[in-house]
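Colleague: The structure is given below, and queries will be raised subsequently.
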Amino acid sequence: RKPGKSPLSTARREGDIPEFLSGLENGVTCGSPLCAVIQNSDQHSGDYKALEQKPRPGHADYTAWVKWGGQADMRGGGHFSGRLTAPLCLAGGIAKQILARRGIFVGAHLHGVGELTDLPFPEDVGPELFREVAAKPFPVIDDGVGERMQGAILRAKEELDSVGGVIECAATGLPPGLGDPMFDGVENRLAAALFGIPAVKGVEFGAGFSVAKLSGSEDNDPFLLKDGEVVTGSNHAGGILGGITTGMPLTLRVAVKPTPSIGRPQLTVDLGTMEETE
């Protein structure tokens, strides 16, 4: 999560070093609830003073102003700040260690930037590819596409603008039978968590929206036997049927909107005078 590591990310400088207050002793969990604090060192609260009555397009300033009657503390983006990804990464890093002991591995890569798209995870994706991609300074499978993605990001920056992207995630080693139908299905639970990440505007599982272009015979994943285990010949379902895992890799993609903090003048409304302004 640490920003400021390359010209492609925010220039804000944060150490993102967690201070554990409970739940961790001598480097291992001890059974108490985990509690940690990540200090926000590169803060410029005064920068937001002029924006108190002028909601920024693409941000939650206006909806927060409406919901809490103008009393919301929006310095740094308030409760809607992308900084909230830092504690999610902290908890996720611990969860990944617990899952790995059970043979379950989770990985991701940058699937798309603007109109550019990386190779998808192969159907036999595993922890080796997860580690290989995670070790790269720009986490893509196809480095050639990655270079073009970086060019698109830098061009948007030069134009005082931004671009959105898509992240593909996969989990392998999940046993079949996890989850429930209807509202407690695996997709439901994961979607609720994923939409809690600031700037995520779309979530799809398996083949996602592209299934609408397929026929049933094309979309259905045939059941086969491999080493005495039931598998599927394809994985359009993304490892989930009826809200329950099939044992195949669980695959999903999330769409992240373009960073709304850009350098261009934008139209807004002064909520004090109720006049349009920039």
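The values are calculated or read from the model by the stated rules, or taken from the named source; none is laboratory data. These figures come from a predicted structure and were not determined experimentally. Neighbour counts are summed over all protein chains in view; Cβ atoms, including those assigned to glycine, are modelled from backbone coordinates with ideal geometry. The protein model used for the area step is the full one, side chains on, heavy atoms only, and it has no ligands, DNA or RNA in it. Shrake-Rupley method; radii C 1.70, N 1.55, O 1.52, S 1.80 Å.
Colleague: Accessible area of region 69-226 with a 1.4 Å probe: how many percent of it is carbon plus sulfur?
Modeller: Answer for region 69-226 is 60 percent, counting heavy atoms of protein chains only.
Colleague: Roll a 1.4 Å probe over the protein heavy atoms and report the accessible area of Cys35 in Å², nearest 10.
Modeller: Accessible surface of Cys35 is approximately 60 Å².
Colleague: Oh, and also: Which one, Phe209, Val256, Val230, is farthest towards the positive end of the dipole of region 167-278 when Lys and Arg carry +1 and Asp and Glu -1 on their Cβ?
Modeller: Val230
Colleague: While we're here: Dipole of region 134-255, Cα-centred, from +1 at each Lys and Arg C-beta and -1 at each Asp and Glu C-beta, to the nearest 20 debye?
Modeller: Dipole of region 134-255, to the nearest 20 debye: 220 debye.
Colleague: Further question: Expressed in nm to one decimal, what extension gain is obtained for the pair Ile197 and Ser41 from 0.36 nm per residue of sequence separation less their Cα-Cα distance?
Modeller: Details: separation 156, 0.36 × 156 = 56.16 nm, distance 2.15 nm.
Using 0.36 nm per residue and subtracting the Cα-Cα distance, I get 54.0 nm.
Colleague: Right, here's the next one. Using the Cα centre as the reference, give the magnitude of the dipole from point charges on the C-beta atoms of the chain (Lys, Arg: +1; Asp, Glu: -1; all else neutral), rounded to the nearest 20 debye.
Modeller: The calculation lands at about 640 debye.
Colleague: Using Stokes-Einstein with the Kirkwood hydrodynamic radius over Cα pairs, what translational diffusion coefficient do you get for region 166-278 at 20 °C and a viscosity of 1.002 mPa s, in µm²/s rounded to a whole number?
Modeller: Result for D is 128 µm²/s.
Colleague: For the chain, with a Gaussian network of springs between Cα atoms less than 10 Å apart, report the residue from Leu34, Leu110, Leu252 with the top mean-square fluctuation.
Modeller: Fluctuation is largest for Leu34.
Colleague: Mind ranking 150-156, 111-117 by how tightly packed they are, going by the mean number of other C-beta atoms within 10 angstrom, highest first?
Modeller: The densest-packed peptide leads the list: 111-117, 150-156.
Colleague: Continuing with the same structure: Need one word for region 79-134: rounded, prolate or oblate. Basis is the Cα gyration tensor (sqrt eigenvalues a ≥ b ≥ c); a/c below 1.5 gives rounded, then a/b vs b/c decides.
Modeller: oblate
Colleague: Could you work out the relative contact order of the chain? I mean the mean sequence separation of Cα pairs under 8 Å and 6+ apart, divided by the number of residues, in percent.
Modeller: Over the chain, the number comes to 18 percent.
Colleague: Now a separate question. Which entries in Lys67/Lys96; Lys67/Lys257; Lys213/Lys257; Lys67/Lys213; Lys49/Lys96 show an alpha-carbon gap greater than 29 Å?
Modeller: Going by Cα-Cα distance, Lys67/Lys96; Lys67/Lys213; Lys49/Lys96 fall outside the 29 Å limit.
Colleague: How high is the relative contact order of region 199-278, in percent, counting Cα pairs under 8 Å that sit 6 or more residues apart?
Modeller: In percent, rounded to a whole number, it is 32.
Colleague: Using only Cα atoms, what Kirkwood radius does the chain have, in angstroms? Numbers along the way, then the final one.
Modeller: On the way: mean 1/r = 0.0466 Å⁻¹.
So the Kirkwood estimate lands at 21.5 Å.
Colleague: For region 18-124, rounded, prolate or oblate, judged on the Cα gyration tensor with a ≥ b ≥ c (square roots of eigenvalues), a/c < 1.5 rounded, else prolate if a/b > b/c? Numbers along the way, then the final one.
Modeller: Values: a/c = 2.89, a/b = 1.37, b/c = 2.12.
Since a/c reaches 1.5 but b/c is at least a/b, the shape of region 18-124 is classed as oblate.
Colleague: Label-point separation (nm) for Phe20 and Ser215, each offset 7 Å from Cα along Cα-to-Cβ?
Modeller: 5.7 nm
Colleague: Let me ask something else. Counting each DSSP H run of 4 or more residues in the chain as -39500 (n - 2.57), what helix-only mean residue ellipticity at 222 nm follows after dividing by all residues, to the nearest 500 deg cm²/dmol? If you can, show how the numbers build up before the last one.
Modeller: Numbers: 6 runs with 60 residues, N = 278.
It lands at -6500 deg cm²/dmol.
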